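The values are calculated or read from the model by the stated rules, or taken from the named source; none is laboratory data. Just so it is clear, the model here is predicted, and its values are computed rather than measured. Counting neighbours? That spans all protein chains shown, and the Cβs are built from the backbone with ideal geometry, glycine included.
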Amino acid sequence: TCSGGALRDLPREALASVTPEQALKHPQWSMGAKITIDSATLVNKGFEVIEARWLFDIEPQRIKVVIHPQSIVHSMVEFTDGSVKAQLGSADMHTPISYALLYPERATEAMEQFSILNYPTLSFMEVDRVKYPALDIAYECLERGGTAACTMNGANEVAVAAFLNHKCGYLDIVRSIEYALNKAQFISKPTLDDF
């Protein structure tokens with residue numbers, strides 16, 4: 001699931017004039033500037049799709065992304081019998097960070113006690129692939145393989161830094177990724193020597 005970022009409710013036509021300050025106003029999460037911009041473009045979700053493909057050895061077409069504005073359901077897994085298990089919790093980065101630091105153990109105390117009663121309505125919607133083209137680019141990088149995902153990552157790093165420094169527009173972030181993927185040298189089976 002993804003929140004849709006700070007610009008979720010902004011129409012596509014308005015994205016050309018978005019400022020870094022607007023894109024940094026995430027509705028649920030408090031993160032650093034870079035990941036907040038990646039949340040707005042959905043580049044972060046594209047990277048998570050790439051990670052999930054490799055971490056769980058699953059075909060990319062079986063990984064689905066949906067927008068979940070409340071940011072309470074963090075992931076769902078569908079089983080062969082059609083049942084779905086969801087991982088729910090507060091929109092707080094302390095939980096995943098503590099899990100990463102303490103794995104395989106879990107923190108013995110929650111930063112905030114979660115209550116499902118505080119969230120009587122949870123909603124989900126399809127991702128607008130025109131508004132969020134970076135998600136499809138990530139799937140294309142998985143299909144292409146090789147150095148494509150590394151190129152996407154590098155181009156995004158540079159473009160987000162430029163955007164945050166008012167040196168390019170919001171839409172230029174994804175355009176830069178597309179440009180890099182079309183122009184950068186592609187290696188289908190890279191070795192450490194290639195990097």
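Before moving on, here are some points about what is shown:
- Within the stretch 137-156, the set of residues being within 20 Å of Ala23 (Cβ to Cβ) and either surrounded by fewer than 15 Cβ atoms within 10 Å (Cβ to Cβ) or touching a residue at least 60 places away in the same chain (Cβ under 8 Å) (or both) comprises Ile137, Ala138, Met152, Asn153, Asn156.
- Search result, residues across the stretch 15-69 that are over 15 Å from the mean Cα position of the chain (by Cα), at pLDDT 95 or above and closer than 20 Å to Asp172 by Cβ: Leu15, Ala16, Ser17, Val18, Thr19, Pro20, Glu21, Gln22
- Residue satisfying all of: in the stretch 66-124; assigned to a loop (DSSP other than H, G, I, E, B) and aliphatic (A, V, I, L, M); surrounded by the most Cβ atoms within 10 Å (Cβ to Cβ) among these: Ile72
- Test result for Gln61, more than 30 Å from Arg144 (Cα to Cα) and among the polar types (S, T, N, Q): no
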